[in-house]
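**Q** Structure below; questions to follow.
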Amino acid sequence: MPSITRPTDSIVPDGLAPWATHETGSRGRCFFEPPPNTRSEYQRDRDRIVHSGAFRRLEYKTQVFVNHEGDMFRTRLTHSIEVAQISRSIARVLHLNETLSETIALAHDLGHTPFGHAGQDILNECMQDYGGFEHNLQSLRIIDELEEKYAEF
């Protein structure tokens, strides 16, 4: 593992470590679309998440609920933005793909139910005959199937 205090010889010319996921290592797209002119594929994915209705609705889901005053009240939107910033910082130090890391962090809570983990537990219990409920899988379902598509996508 490289030193986290200085660059090493194991870093490839584009700045990513050999074990990092480079954009060329992507499995591709479910639906064909021309490559973007002004940003990378992962940047386009990140932007789609930020502009999605599911991401905006995170503002109305609580992450930590103590009261509506002070530092302890957190929405899932605030939490996701904070996680994205931390993930970019960690990715930078480890020479990983910062944009991919940020994109995953921004999307990681899209499938959470209202009422936090208690809501997820109840929904999972109710859905046992249909395979249960898992918020990470729901996040993918939201992105792949439920989120409203827009022009050229």
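**Q** Within the bounds of segment 41-48, is there any residue that is of a type in the set (F, W, Y), farther than 16 Å from E148 by Cα and touching a residue at least 12 places away in the same chain (Cβ under 8 Å)?
**A** For segment 41-48, residues of a type in the set (F, W, Y), farther than 16 Å from E148 by Cα and touching a residue at least 12 places away in the same chain (Cβ under 8 Å): present.
**Q** If you go through segment 29-58, how many residues are among the basic types (K, R), in contact with a helix residue (DSSP H, G or I) (Cβ under 7 Å, 6 or more places away or on another chain) and in a loop (DSSP other than H, G, I, E, B)?
**A** Of the residues in segment 29-58, the ones among the basic types (K, R) are 29, 39, 44, 46, 48, 56-57.
Filter again for in contact with a helix residue (DSSP H, G or I) (Cβ under 7 Å, 6 or more places away or on another chain), leaving 46.
Still in the list and also in a loop (DSSP other than H, G, I, E, B): none.
So the answer is 0.
**Q** Now, a different point. Collect the residues in segment 118-153 that are outside any helix (DSSP H, G or I), of a type outside the set (F, W, Y) and at pLDDT below 85, keeping them in residue-number order.
**A** The first filter runs over segment 118-153 and keeps only residues outside any helix (DSSP H, G or I), leaving 127, 131-134, 147-153.
Filter again for of a type outside the set (F, W, Y), leaving 127, 131-132, 134, 147-149, 151-152.
Those that are outside any helix (DSSP H, G or I), of a type outside the set (F, W, Y) and at pLDDT below 85: E147, E148, K149, A151, E152.
**Q** Still on this structure: Out of the residues in segment 79-123 meeting the condition of being more than 16 Å from the chain's Cα centre (by Cα) and of a type in the set (A, V, I, L, M, F, W, C), tell me which one is surrounded by the fewest Cβ atoms within 10 Å (Cβ to Cβ).
**A** The extreme case among them is A118.
The values are calculated or read from the model by the stated rules, or taken from the named source; none is laboratory data. All values reported here derive from a predicted model rather than from experimental measurement. So basically every Cβ, Gly included, is an ideal-geometry build from the backbone, and we count neighbours across all protein chains shown.
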